[in-house]
Structures are given as C-alpha cells and as structure tokens.
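Participant: Below is a structure I'd like to ask you about.
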Amino acid sequence: MSNFNVIAMSARVLVKVLQGVALETALARYRDIEVHPQISHSCFEAMRHYFSLSERLQAVVNRPLERLDSEVLCVLLAAASQIEHSRTPIHAVVSTAVEAARKVGKSSASGLVNAALRKYSPDEPLHSTQALTELPNWFIESIEHHYSAQKTSLVEALNSRAPLTLRVNSSRISVRKYCDLLEDAEIAFRSSKVSNAFTLEQPRPMTTIPGYSKGYFAVQDLSSQLAVPLLNPRCGDRVLDACAAPGIKTAQIHDLFQDCEVDSVDVKNECSTWNIAPDSPFHWGVEIRKGDLGTTSWWNGLPYQRILLDVPCSGTGTIRRHPDIKVTRTPDQISKLAALQLRFLKTTWKTLESNGRLVYCTCSILPEENDEVIRGFVEQCPDARVESVELAYGFPTSCGRQILPTVDGGDGFYFSCLRKFEA
C-alpha cells in the first residue's frame, strides 16, 4: 500500500469531476487496485463537503481558489477531506499531500500545499450559505422557493448517507423465504410500504448479501421501485422501457409482469453501474437495444400499450448518492435537460397506441423538469391527459406526484401518468 498515494489518485479523479465527468465514471480507473476504497471515500467526502472544505481552504490560501491550477486545488480538496473525514494524522496527510503535488506534476506548488494544510483547521467557523448547507446557492434558492417548509429536513437528507435498499426478485424467491435468508445471516433490515422492498440497517458490499449470485435481489432505491408498478399492463401488452440503461427497471418489469412483451431502448446499451453486476443483463435476460430516443428510427412501427420514460435529468433527488451533482450542475444545464425531456416525451408518445399509458419519471426535485415539462407537453398534445398518481409516498402536484428524499427513506423522485386519447 505504501506505493500508492491516495491523495494524488484522488486528486486526479477530482480533476476529471470538475471537468464534468461523473464521479463514479472517474473512479472506475482505480476500481481494481487495493486502495480503491480509500480513494472512493476521499473523493466522495470531498464532493459531499465541497463547499465547506473550499471555504476553509480559502482561509489558508493566499489567492482565490479559482486561480489555482485544477490539480493543485484537487490535491488540497482531497487532503482537506482526509483531515476532516478520516482518522489519518494531520502530519501524515500534509506529508502525503506535498508528495501528491509532485506526482500530479505540480512540484512548484508543493510549498503552497504544505503551508496551507499546516494552517488548515476543521474548527474554522463557516459563514456562507453554501458552506453551511453544503449546497450551491442556486439550488438552495430553488428549495426555498418550492419547498420552504421542508427546507431543514431536505438539506439534512441531501447531505446524509444513502440507505441500502433491496428489491426482492419475487420471480426467483418468495419475499418470506428471502427474509428468512437475511435473518439466518443475522443481517438486520426493515420493511417498507412496498411488499418486496427492504432496507438494510447497515449498508454492506453486495457480494456479502445472501442470494447475490443467484439473482434473488437487486439493489434499488425505494422511490425508484415505485415507477414500474404504475404501468399496470394487461397480459400480453407490449411495454417499452425508454431510456432503459443500465436495465434495473427493465429487470423489474420482467419480474412483475412476466406475460408482457418488453422492449428496452437507450442511447447506450451497456450496463455498468455500481449496483448491478456486470453480467446482470444476461443474468436477468435483459437486453437493451441501442437507439436515440430523440427520434423514432429505432422503432419497428408496432405500437406499445405501456411506456416507461425515465428521462435523463439533473439527479437532484439523488445528491446524497452522487454528491458531485451539487458541484457540477448549473441552472443552464437544467434548462437544456428540460428541453431534452420534452423532446423525448414527444417522440415516445408517437409509439404509444390509443388508450395507452405512459409513465414519466425523474430523480429530480426541480419542478422545471417535472410538472413544467408535463404541463408544456399536454398543452402541445391534445390527445394527452394527465391521470392521478396513487402512491404510498410523496405528495400530489398539479401534474403528478413528488417524493422528496428523507434520511432513512427513498431518494427524491417525480412521477406523472399520461393517457393517450383520440384527439
């Protein structure tokens, strides 16, 4: 382990993240080395506490942080996250950070790194709203505007550690038998209002959970599990899972509605996220067809009776799982995403047969991606009608249902159900 400089490796990851690469993607290069857990922890903590770390670093760096080379800034962020959120002695962090500056090609900054970190104090009082909430100003303003009554609990949830929730694959094992497996393994869990969803009291590696190799469960957030049942297809219906990658909801459709014909389409057809085994598409019998949902070039002309449209979004409801979102997302990106969401909605609507149902969902808590997209779509499409969304969680909105993240519950999610009528 002495041959690895975790701060240097973390800094390289963080440079990529600040350039717009998703944190999980940037971490992938180190997935197979022995210090991957330490690198992952350092980077997640640096992103989770980016604003407070930045404010405290600014207090000990004699120039604006934005004027630092990105490699130097990221060495400081990785080191500060270790000082505040690991048990590594401060003198060891400083020494490793100075060496890290050299390893990332910034030897000239080693003196700055050394001086700044020796003065760095986790007890330095925080002053800005961003540092106190660990959220960007534009997002806090949105929360205050739309969810003022829930602001305190929402900020707490967005900065908490996400729970680990399982969806039992009831086509492979009964819920009762799977609960017995967990109990036999002395793994504490709690049930939910969803019959086959269970949250572990203590998160643990997937491979150590009973039934992993047999496909008895999928790791899937509680809120995410609520979308597929809203389809409620009839036997023999053709179902489209649009924007399907990495395939977690396609697998759920196969599990719940085994007598339906399912197509899965996405611009990317690979499956490579942390909560799905690399061979899972084959393991579950899931095949994702590559296609641009902005056009109908992938469609064979046969209409669907049910469509699940889980559109690309800001991911603001999942910030606790993907803390880089709060650092890299901008209001301009939200506007572009909303335009893309409306485009996907208009295109997939063409493939839905008359009297068919489309379930639109996002993992966003921003109305610009949710009600406003649906409202704009319905105004432009006279054959679209909004139906009520009945769920055990969340609250109704004008065009659907919104779930806000909670500390021990699901992520933030939005759902809208649309029915197609003769215009």
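Participant: Got a sec? Which of R48, R102, R87, R67 is surrounded by fewer than 21 Cβ atoms within 10 Å (Cβ to Cβ), touching a helix residue (DSSP H, G or I) at 6+ places or on another chain (Cβ under 9 Å) and charged (D, E, K, R)?
Facilitator: On the way: R48 fails: surrounded by fewer than 21 Cβ atoms within 10 Å (Cβ to Cβ); R87 fails: touching a helix residue (DSSP H, G or I) at 6+ places or on another chain (Cβ under 9 Å); R67 fails: touching a helix residue (DSSP H, G or I) at 6+ places or on another chain (Cβ under 9 Å).
The match here is R102.
Participant: Can you pull out every residue in the range 156-186 that is surrounded by fewer than 17 Cβ atoms within 10 Å (Cβ to Cβ) and within 26 Å of the chain's Cα centre (by Cα)?
Facilitator: E156, S160, R161, S170
Participant: State yes or no: is A218 in contact with a Pro (Cβ under 9 Å, 6 or more places away or on another chain), at negative phi and not in a loop (DSSP other than H, G, I, E, B)? Give the steps one after another, and end with the answer.
Facilitator: On the way: in contact with a Pro (Cβ under 9 Å, 6 or more places away or on another chain): no; at negative phi: yes; not in a loop (DSSP other than H, G, I, E, B): yes.
For A218, the condition - in contact with a Pro (Cβ under 9 Å, 6 or more places away or on another chain), at negative phi and not in a loop (DSSP other than H, G, I, E, B) - is not met.
Participant: While we're on this one: Among the residues of the range 7-15, are any over 26 Å from H127 (Cα atoms), surrounded by fewer than 20 Cβ atoms within 10 Å (Cβ to Cβ) and polar (S, T, N, Q)?
Facilitator: Looking for residues that are over 26 Å from H127 (Cα atoms), surrounded by fewer than 20 Cβ atoms within 10 Å (Cβ to Cβ) and polar (S, T, N, Q), one finds none in the range 7-15, hence no.
Participant: Just to be sure before I move on: is E353 surrounded by fewer than 21 Cβ atoms within 10 Å (Cβ to Cβ), touching a residue at least 60 places away in the same chain (Cβ under 8 Å) and more than 20 Å from the chain's Cα centre (by Cα) in the structure I sent?
Facilitator: On the way: surrounded by fewer than 21 Cβ atoms within 10 Å (Cβ to Cβ): yes; touching a residue at least 60 places away in the same chain (Cβ under 8 Å): yes; more than 20 Å from the chain's Cα centre (by Cα): yes.
Criteria met by E353.
Participant: Of these, L14, L77, L53, which one is out of contact with any strand residue (DSSP E or B) (no Cβ under 6 Å at 6 or more places or on another chain), within 23 Å of L117 (Cα to Cα), in a helix (DSSP H, G or I) and free of Cβ contacts under 8 Å to residues at least 40 places away in the same chain?
Facilitator: Values: L14 fails: free of Cβ contacts under 8 Å to residues at least 40 places away in the same chain; L77 fails: free of Cβ contacts under 8 Å to residues at least 40 places away in the same chain.
Criteria check complete, one pass: L53.
Participant: Return the residues of the range 390-423 that are surrounded by fewer than 21 Cβ atoms within 10 Å (Cβ to Cβ), within 20 Å of L366 (Cα to Cα) and among the aliphatic types (A, V, I, L, M); say none if nothing qualifies.
Facilitator: Listed by number, the residues that qualify are L391, V407.
Participant: Would you check which residues across the range 392-414 are within 24 Å of V155 (Cβ to Cβ), of a type in the set (A, V, I, L, M, F, W, C) and part of a loop (DSSP other than H, G, I, E, B) and list them? Let's see the steps before the verdict.
Facilitator: First, pick out the residues of the range 392-414 that are within 24 Å of V155 (Cβ to Cβ): 393-397, 400-414.
Retained after the next criterion (residues that are of a type in the set (A, V, I, L, M, F, W, C)): 395, 403-404, 407, 413.
Within the range 392-414, L404, V407 qualify.
Participant: Within the range 189-203, which residues are part of a loop (DSSP other than H, G, I, E, B) and touching a Leu at 6+ places or on another chain (Cβ under 7 Å)?
Facilitator: Of all residues in the range 189-203, those part of a loop (DSSP other than H, G, I, E, B) come to 192-196, 201-203.
The answer is S192, V194, P203.
Participant: Looking only at the range 257-300, how many residues end up being crowded, with 18+ Cβ neighbours inside 10 Å, within 18 Å of Q225 (Cα to Cα) and either among the polar types (S, T, N, Q) or modelled with pLDDT of 90 or more (or both)?
Facilitator: The total comes to 4.
Participant: Residues of the range 303-321 being under 22 Å from T250 (Cα atoms) and either in a helix (DSSP H, G or I) or within 16 Å of the chain's Cα centre (by Cα) (or both), which ones?
Facilitator: Kept after step one, since they are under 22 Å from T250 (Cα atoms), are these residues of the range 303-321: 303-315, 317-318, 321.
Within the range 303-321, D310, V311, P312, C313, S314, G315, G317, T318, R321 meet the criteria.
The values are calculated or read from the model by the stated rules, or taken from the named source; none is laboratory data. Given the structure is predicted, the values throughout are model-derived calculations rather than measurements. Don't worry about glycine lacking a Cβ; one is built from the backbone with ideal geometry, like all the others, and counts go over all protein chains shown.
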